[in-house]
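*Asks:* Take this structure first; my questions come after.
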Amino acid sequence: MKTLDRYIASTFLKSFALAAAALGALYMFQALLSDLIDKEFAAHQVVAFHLMSLPQILTQMVPPAAMIATVMTLSGMNRHN
């Protein structure tokens with residue numbers, strides 16, 4: 001693998017991890033907050049439920065995270081050109 005390929009891949013993976021974490025955290029925070037405000041269930045049950053649904057949430061956030069990471073990678077490369 002050439003140096004340029006490694007640079008592009010590492011930049012994309014960093015951006016992808018950041019975007020996936022940010023989108024997942026935002027979605028999780030919104031869902032957790034709305035369920036905690038309703039007060040139908042105890043707080044530990046709501047938190048446990050949302051932690052168990054984390055794989056589904058991350059699966060839903062992969063396509064937008066990939067798009068955001070692509071835009072961030074290309075714009076970063078354009079800025080440093």
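The values are calculated or read from the model by the stated rules, or taken from the named source; none is laboratory data. In this text, all values refer to a predicted model and were calculated from it rather than measured experimentally. SASA here: full protein model, heavy atoms, side chains in, ligands and nucleic acids out. Shrake-Rupley method; radii C 1.70, N 1.55, O 1.52, S 1.80 Å.
*Asks:* Express the accessible area of the chain per residue in Å², computed with a 1.4 Å probe while the remaining protein chains stay in the model.
*Replies:* On the way: 6110 Å² over 81 residues.
Result: 75 Å² of accessible area for each residue.
*Asks:* Return the carbon/sulfur percentage of the accessible area of the chain, one whole number, probe 1.4 Å, all protein chains in place.
*Replies:* Values: 4340 of 6110 Å².
Carbon and sulfur: 71 percent of the exposed surface of the chain.
*Asks:* Which distance in Å, rounded to a whole number, links the C-alpha centroids of the range 33-67 and the range 9-23?
*Replies:* Between the Cα centre of the range 33-67 and that of the range 9-23, the gap is 20 Å.
*Asks:* Moving on. Between Thr59, Thr11, Thr70, where does the largest GNM mean-square fluctuation fall for the chain, given springs only between Cα atoms within less than 10 Å?
*Replies:* In this elastic network of the chain, the residue with the biggest mean-square fluctuation among Thr59, Thr11, Thr70 is Thr59.
*Asks:* I'd like the Karplus ³J(HN,Hα) series for the range 7-20: coefficients 6.51, -1.76, 1.60, θ = phi - 60°, whole numbers in Hz, and an x wherever there's a Gly or Pro.
*Replies:* Values per residue, Gly and Pro as x: 5, 5, 5, 5, 5, 5, 5, 5, 5, 5, 5, 5, 5, 5 Hz.
*Asks:* How large is the Kirkwood hydrodynamic radius of the range 6-50, counting all unique pairs of alpha carbons, in Å?
*Replies:* 12.2 Å
*Asks:* What fraction, in whole percent, of alpha-carbon pairs in the chain exceed 21 Å separation?
*Replies:* That tail contains 44 percent of the Cα-Cα pairs.
*Asks:* With everything on Cα atoms, drop me the angle between helix 54-79 and the longest principal axis of the chain, reported from 0 to 90° to the nearest 10.
*Replies:* Rounded to the nearest ten degrees, it is 30.
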